[in-house]
1. Where does each of 22, 108 land when they are ranked from fewest to most other beta-carbon atoms within 10 angstrom?
2. Simple spin-label model, 7 Å along Cα-to-Cβ: residue 36 to residue 127 in nm?
3. Using DSSP, restrict attention to beta bridges with both residues in the chain and report what percent are antiparallel, rounded to the nearest 5.
4. Please arrange 39, 74, 152 by how many other C-beta atoms lie within 10 Å of their C-beta, fewest to most.
5. Hey, what did the chain get for relative contact order, percent, Cα under 8 Å, at least 6 apart?
6. How big is the stretch 23-80 along each principal axis, measuring the range of its Cα positions in Å and listing the largest first?
7. Determine, for each peptide in 25-31, 14-20, the mean count of other beta carbons within 10 angstrom over its residues, then list the peptides with the highest first.
8. May I ask for log10 I(q)/I(0) of the stretch 145-214 at q = 0.25 Å⁻¹, from a Debye sum over the Cα atoms as equal point scatterers with solvent left out?
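Coordinate-derived values only; no laboratory data. Everything numeric in this text was worked out from a predicted model, so none of it was measured. Cβ placement follows ideal geometry from the backbone for every residue including glycine, while neighbour counts extend to all protein chains displayed.
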């Protein structure tokens, strides 16, 4: 489902859960981490969603060195594992229909992992790809979204962001971007427009609904 370029000056997309469905890989990775450290896997998954791997390991492990080693190990494992990675329905077609200088990806993944997952899912790589490697303060901080808008040369409040996680939505909203929620985010309070995925006829309407009445 395409969106009319006139609805926004630029579009900013989260990756995992928004453009790419990496659920199977993410769940396997964090389930293994949780078992090895005696943690509740559901609690770990809920926290990890939308955040860099290193932020999650640091949150759950008291020993900073162990947390750092785990982050390196998990990142390498995720980079090696692309089986089960698919596009979120409609993602590839939507971004392929946008001018390349008018969309970006803002992800909590590292650059190599982001490129691997986009390629595996068949989603085009953007000209502007902002990853965890490019920011000092990851989501829910808005730094990544502000950087993406700046690299595109577009005011952030003229951009529409698509996000599926609590941390990501907080980052997008804090940046000043108009925000659409993708999927079934349970903590979403209903004040932002929502779409199930990127394939349906409701996508342009959701984008239009982000406009602030003049």
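1. Values: 22 24, 108 29.
Ascending Cβ contact count within 10 Å gives the list 22, 108.
2. 4.1
3. Numbers: 2 of 19 bridges.
Here the share of antiparallel DSSP bridges comes out near 10 percent.
4. Numbers: 39 16, 74 19, 152 22.
Ascending number of Cβ neighbours within 10 Å: 39, 74, 152.
5. Values: 405 pairs, mean separation 58.0, N = 214.
For the chain, the relative contact order is 27 percent.
6. Taking max minus min along each principal axis of the Cα atoms, the stretch 23-80 gives 28, 24, 21 Å.
7. Order by mean packing, descending: 14-20, 25-31.
8. Result of the Debye calculation: -1.15.
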